[in-house]
Each structure stands twice: as C-alpha cells, then as structure tokens.
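The values are calculated or read from the model by the stated rules, or taken from the named source; none is laboratory data. Keep in mind that this is a model prediction, so the values were computed, not measured. FYI the Cβ positions are ideal-geometry reconstructions off the backbone, even for glycines, and counts take in every protein chain you see. For accessibility, only protein heavy atoms count, side chains too; no ligands or nucleic acids. Shrake-Rupley method; radii C 1.70, N 1.55, O 1.52, S 1.80 Å.
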Amino acid sequence: MKIEHKQFNRNKEQIISCLHFASKTKYYMKLFQENEIIINKINTYEEFKKIPITNKMDYLENKLDFIREGMLNEKQYDNLTKDFSNYAEKDEILKLSSLNILITSGSTGIPLEVIRSDTDIFNNYRELNIYRRKHKNIIDLSNHVWVLPESIVARKYVFNSEEPIFQYTKYGYIACIDCLNPETYSNFIDFCEINKITAIISWPSFLEGLCDYISDFSKMKETVECINYFEVNSEYLSNYQREKIEKEIGTKILNVYSGNESNFIGVSINDDLFHLLDKNVFLELIPNANGRYETVITNLNSPDSSLIRYNLGDLAEWIDSNSRFKEKDGYPFLFKLVGCRENDHLLSKKNEKYEFNIVNDLIHFFQNKNQIFFGRYKVIQLTYENFIFKFSNTLTIAYSEELKTYLEENLKKILGYDVYFVVKKVGKWTNVPFKEKYRCFECQIKI
C-alpha cells in the first residue's frame, strides 16, 4: 500500500474534518462545487485525489478567499486589497480578526503574502512542540532568539523598524540579520550573552557562519556553550553542515521543514531524513511531467485558513519503512528532500555575504506596491556592482525603468555603494532543468 493511502487511512477523520472547514472559504466552496466534490462521500484516498491541486498562482490571485468566511468583514476585505506603505498598516487591519500576515521567501520565483489566524499558528506549533519535547526534552523556549535574513529595507517595510535586533513577540526575540560578517556575529554573541539566550532558531548558513566565527574565540565559544537548543529551518541542511555545526556546538540540532503557507511538515534530528508530522500535514508526493515527485500538502490543523492539496513545489521521495529507519515514537512515515535549491549569496565589494532575500524582498515589495506580477524571475549578479533582472510576464517600459531605479536605490541603502541593474524580459526559461528546483538568485563572481 502506498504511503499516501496509509496516511489517509490513519488520519481519515482529521482529513475529512479539514475539508469541511475548507468548504467554508470562498475559494474551496467554489472549487468543490465546480468539481462536484461531496465531502461526506470521500472514504478513500482515490476519492480524495479527485480534488484538484491548488498552486501558488491560485493562492497569489485569491489569497483573501482562503480565509474562512466571516473572519473578515466587507470593509476589512476591501481595505486589504489596497496599496500600503508598509506591512504594519496591514497588521492593524488583520489583528482585529486575530489574523497575521507572513511573507514567503520567493525562492521559487513567486513570493507570497500568506494570511493565517492566531489559532491556526498555535495549532501548528503544538505538533512541533510535541516533537521537540520528545526528542530534545525542550519544555520552554521563552528565552529564544529567532534569526531572520531581513535587510534594513525589509525591516522598515515589514516591521516598521530599522533595528537589527528587537523583541517582537512575548515568546522571545527576533534578530533581523542579512550580512554574514565578523561584526554581525560579534554583535549577535554579545546580544545572546546580555539577554541570557538559551535557544537559537535560524537558517543553516547563519549557524554555519557562527560556528566558523566562534572556533577561534574561546570567550565567544563559552557564550554559545550556554545555549542548549539549536534549530534550523528555511534552507536545505546538508549532512556536511550538520556534522560541522554539531561538532562545534557539542549538541544535536533539530532540522524543521515547512513553508510559511504550510504547517510544519517534517522534523529531522540525526540525518537528512525527515519524520513526517502527519497529525499536522497530509503529505502527497505527486509526479510532475518529468517524473520527479513534488510535495503537495493539506494542512490538518488550520480551520481558519485552509490549504487543500497545495503544491509547495519542493522535490522529495519517500523512504521505505522496511529500511533500517524504523518508526520512531509515533512517527511512521519518513521522507527525504531531493534536488533542493541552493540560491547563492550576494557578494559585496568587501566579499561579505548577504542573503539572496535582500533582493527577493525588494522585488516582492515592488510588485505589492504596484499590484503587478513579473511571473518567474531570476536575478544574476555579474560583478559587485552589476546585476541583471530577468522576468517572464509582459511588463511596460515604464515599470521596467521604475523597477530598475527602485532596486538600485534600495540596494545602495543595504550595501553602501552604487549598483546598476539591467531589466529584461525573456520568453521561456529553457535553461532551467526541471530535475532541479528553480534557483532565483545566482552570483557569477569568482573569488
């Protein structure tokens, strides 16, 4: 029996329940009606598969219609379709209905604004916390710092603040860091020592750079040794990185796989294999036109913001349960991410590494401001100062020039020197092999 069938049979009641919640949203109400989906007649996985797959473009064009009807009144709905100078203004509207806005990285070429409720986010974390307690004996993460790759421009737009590190929620600290250099890491270590941080959650490249930095500084190492929990997400973690980081910090790290639009999907503690959080997500691996299996998820704990058979677009494969990797503490399904994207870092004149998000964020903000969509895009860094922006959708010359100016002005604020962009439209992305996940940022500087 296929793993999808086993999952469906194991969690059938929860899956059917989430379909009923989905039918209370405009998007899925219409989808079910048009495809004659009768929820109470779904008894098998084969019947469940008759529900059409939802993709990122569907979400992009209908994001407010994925919210359960009644959560937003007509005035809120209309206001959320207007232009905003920053996300703090949207937050003010959404928090009246206990809703939150999240932004995906755009690493697939389609950045998204995702709206989820406080209740859905709480339910999502509940399943991850159960795993954390079982495998890392973590009871309380109240004094943690969550590191995000946010530039000064993004911090201003998203948080309405330019501070690189600040307390954002009652649960812990947010650290907004984009440049991975000695000064950044020194300031971060000082922050952890002053605030007696006991847990760090970040993306793998940041933690790998932190380990490189502290290896030569005994005082720094003592501070990190007081931190008893490390977790990574948002980026592929190689076995090489895991071994390197764990050797330096002296403890196992937890690797979490998810997306901002998705519940937490899988967790890994020893290798590159993930235990599926099957009470959180129903995961299907669906073959694409090239025979590669893409991740399609159904959120099981999100009654206010449903996603049913949503294509995340990552490539993965199931791990045979008859292998040496057996069921562990109620997590019977194992999978592995394959062909993962590895977007390059942006390099500055000082050869400092910046996360590719500093460009992706700007592109997303520009699209949001002008209510346009570039389609699939790619940014190529030719030299420290020169970049090419390629996009696929039709765009007027006026927007091309405006985008060029917008990118040049805002990257100068981040990098501290002038940069130059060429903006050009391409026909088809013939140079992107489907066996790999799409990479939206490429640095061609040789050092």
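Determine, yes or no, whether GLU61 is open to solvent by 30 Å² or more (accessible area, probe 1.4 Å) and more than 20 Å from ASN368 (Cβ to Cβ).
On the way: open to solvent by 30 Å² or more (accessible area, probe 1.4 Å): yes; more than 20 Å from ASN368 (Cβ to Cβ): no.
For GLU61, the condition - open to solvent by 30 Å² or more (accessible area, probe 1.4 Å) and more than 20 Å from ASN368 (Cβ to Cβ) - is not met.
Restricting segment 97-127 to residues that are touching a Leu at 6+ places or on another chain (Cβ under 7 Å) and either at pLDDT 90 or above or not β-branched (Val, Ile, Thr) (or both), which is farthest from ASN79 (Cα to Cα)? Let's see the steps before the verdict.
The initial filter retains those residues of segment 97-127 that are touching a Leu at 6+ places or on another chain (Cβ under 7 Å), namely 97, 100-101, 104, 110, 112, 114-117, 127.
Keeping just the survivors that are either at pLDDT 90 or above or not β-branched (Val, Ile, Thr) (or both) gives 97, 100, 112, 116-117, 127.
Working: SER97: 14, ASN100: 15, LEU112: 18, ARG116: 17, SER117: 18, GLU127: 34 Å.
The qualifying residue farthest from ASN79 (Cα to Cα) is GLU127.
Going through GLU385, GLU408 one at a time, which residue ends up being open to solvent by 10 Å² or more (accessible area, probe 1.4 Å) and either without any contact (Cβ under 8 Å) to a residue 12 or more places away in the chain or under 14 Å from GLN444 (Cα atoms) (or both)?
Numbers: GLU408 fails: either without any contact (Cβ under 8 Å) to a residue 12 or more places away in the chain or under 14 Å from GLN444 (Cα atoms) (or both).
The match here is GLU385.
Would you be able to tell me the number of residues in segment 422-447 that are open to solvent by 60 Å² or more (accessible area, probe 1.4 Å), at pLDDT 70 or above and not aliphatic (A, V, I, L, M)?
Here the count works out to 4.
Hey, could you check segment 1-16 for residues that are touching a residue at least 60 places away in the same chain (Cβ under 8 Å) and either open to solvent by less than 50 Å² (accessible area, probe 1.4 Å) or within 17 Å of ASN301 (Cβ to Cβ) (or both) and say which is farthest from the chain's Cα centre (by Cα)?
Result: ARG10.
Six or more apart or on different chains, Cβ atoms under 6 Å: show the pairs whose first residue is in segment 158-177 and modelled with pLDDT under 75 and whose second is hydrophobic (A, V, I, L, M, F, W, C).
Filtered contacts from segment 158-177: ASN160/ALA88; TYR168/ILE174.
Please verify whether segment 32-55 includes one or more residues that are in contact (Cβ under 8 Å) with a residue 12 or more places away in the chain, assigned to a helix (DSSP H, G or I) and closer than 30 Å to PHE374 by Cβ.
Checked segment 32-55: no residue is in contact (Cβ under 8 Å) with a residue 12 or more places away in the chain, assigned to a helix (DSSP H, G or I) and closer than 30 Å to PHE374 by Cβ.
Looking only at strands (runs of 3 or more DSSP E) that fall completely inside segment 237-298, which ones have 1 or more residues that are charged (D, E, K, R) and open to solvent by less than 10 Å² (accessible area, probe 1.4 Å)?
Numbers: elements: 254-257, 266-268, 273-276, 281-287.
Filter on segment 237-298 gives 281-287.
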